[in-house]
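This report concerns only the one structure given below.
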Amino acid sequence: MKQRKTGEILAVFISIFLGLSTLITSHIWSITNPTTANYFLLKVGSWLPGWWGIGTYAGKEMVGFIVWIVSWIIFHFIFKNIQISLVKWISIFVFSMFALMILIWPPIYHAIWGWLPTKP
């Protein structure tokens, strides 16, 4: 059996990060510019069965899915013959995923966009 190259694993890490980043970006876009974003996201997600039950979330998921699949294919062919040390890349991946999870936490992105609660 042929030993797989570690570059293929790096392609998976990068594509997962990009797909989740796109999902988060589309979510924040739908909050900051709901008229334009929601129209686009409803169009993108409207071909999924049952999309009306989840609304714009279907479009957010589709945009993230498309970026994930396309980037995985592209990076797979770019990195498929590369052998790298995965210790550094696993650390970068875990840190990046943790950073994305913090950025999607409402108190954090509200502070970034200046949506701090006002006192009565």
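Bear in mind that the values in this text are calculations on the coordinates, not laboratory data. In this text, all values refer to a predicted model and were calculated from it rather than measured experimentally. Cβ coordinates were reconstructed from backbone atoms using ideal geometry, including for glycine residues, and neighbour counts include every protein chain displayed.
A few remarks follow.
- Qualifying residue in segment 10-28 (condition: over 25 Å from H110 (Cα atoms), in contact with an Asp or Glu (Cβ under 9 Å, 6 or more places away or on another chain) and in a helix (DSSP H, G or I)): no
So that you can scan it fast, the table gives a plain yes or no per residue for (1) free of Cβ contacts under 8 Å to residues at least 60 places away in the same chain; (2) part of a loop (DSSP other than H, G, I, E, B):
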residue: Y39; (1), (2): yes, no
residue: L48; (1), (2): yes, yes
residue: E61; (1), (2): yes, no
residue: I66; (1), (2): yes, no
residue: S96; (1), (2): no, no
residue: I108; (1), (2): yes, no
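- Search result, residues across segment 33-81 that are over 20 Å from A11 (Cβ atoms) and basic (K, R): K43, K60
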